[in-house]
Amino acid sequence: MTEPTPGAHEPPPAADAVPPTGDAVSPAPGTADDRSLRLLGAVVAVVAAADTAILELLLSTVRVGGRLVGVSAGLAVVANAVLAHFARRAVGSVWAVALPATVWLAVMMAAATRTTEGDLLLAGDNWVGPVMIFAGSLTFAVVVIRMILSAPMDRSRRG
């Protein structure tokens, strides 16, 4: 009596089955799907930057026991670091970090500018506003510098 060959009775894998290694299949670089995902990642990074900037502005007046606590400055550091890493991973370029950084800084500058009626969202008469802008901007700068320095150097572009 002959023994059946292993796997002889197993059905063929489905066309849309996940590879056995469990690795995710990503679109090939340069395809329309790849460009669409990169564009979507850029849009998500920009919208998230605007959202976190507005949240930080709302939290800039948080007080505990009548004293400003500066929770928005800490949030700016954490959120901007996450946004920078997300933008790079989603778009595939270090320079994509400029997208959320520009939007975040534009919202902060708009909030620190008086309207014609004299309204001001981010006052400079307390320490939270300037520290939040400085810390958030510095976070983007430090993350980008670290990304650039940690990237493998292209030997053909050496001077």
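The values are calculated or read from the model by the stated rules, or taken from the named source; none is laboratory data. Everything numeric in this text was worked out from a predicted model, so none of it was measured. A quick note on method: Cβ atoms are made from the backbone with ideal geometry, for glycine too, and the neighbour counts reach across all protein chains shown.
If ALA141 satisfies every condition in (1) assigned to a helix (DSSP H, G or I); (2) free of Cβ contacts under 8 Å to residues at least 40 places away in the same chain; (3) within 30 Å of THR31 (Cα to Cα) but one, which is the exception?
Going through the list (1) assigned to a helix (DSSP H, G or I); (2) free of Cβ contacts under 8 Å to residues at least 40 places away in the same chain; (3) within 30 Å of THR31 (Cα to Cα), ALA141 breaks only (3).
Among the residues of segment 99-129, which ones are of a type outside the set (Val, Ile, Thr) and in a helix (DSSP H, G or I)?
The answer is LEU99, PRO100, ALA101, TRP104, LEU105, ALA106, MET108, MET109, ALA110, ALA111, GLY129.
Looking at ARG67, ARG88, ARG114, can you tell me which residue is charged (D, E, K, R) and closer than 30 Å to THR31 by Cα?
Result: ARG88 is the single residue among ARG67, ARG88, ARG114 that is charged (D, E, K, R) and closer than 30 Å to THR31 by Cα.
Report, by residue number, each residue of segment 79-132 that is of a type in the set (Val, Ile, Thr) and surrounded by 13 or more Cβ atoms within 10 Å (Cβ to Cβ).
Scanning segment 79-132 gives VAL82, VAL91, VAL94, VAL97, THR102, VAL103, VAL107, VAL128, VAL131.
Kindly indicate whether GLY74 is surrounded by fewer than 18 Cβ atoms within 10 Å (Cβ to Cβ) and over 18 Å from ARG146 (Cβ atoms).
Spelling it out, GLY74 is indeed surrounded by fewer than 18 Cβ atoms within 10 Å (Cβ to Cβ) and over 18 Å from ARG146 (Cβ atoms).
For segment 54-78, name all the residues that are of a type in the set (A, V, I, L, M, F, W, C) and touching an Asp or Glu at 6+ places or on another chain (Cβ under 7 Å).
Correct list: LEU75, ALA76.
Looking only at segment 74-94, how many residues end up being at pLDDT below 95 and aliphatic (A, V, I, L, M)?
Of the residues in that region, 3 qualify.
For segment 44-55, state whether one or more residues are at pLDDT below 95 and in a helix (DSSP H, G or I).
Taking every residue of segment 44-55 in turn, none turns out to be at pLDDT below 95 and in a helix (DSSP H, G or I).
Quick one: in segment 100-157, of everything that is over 18 Å from the mean Cα position of the chain (by Cα) and of a type in the set (D, E, K, R), which residue is nearest to VAL69 (Cα to Cα)?
Out of the qualifying residues, it is ASP125.
Within segment 109-142, track down each residue that is more than 21 Å from LEU58 (Cα to Cα) and either modelled with pLDDT under 95 or among the small types (Gly, Ala, Ser) (or both).
THR116, ALA141
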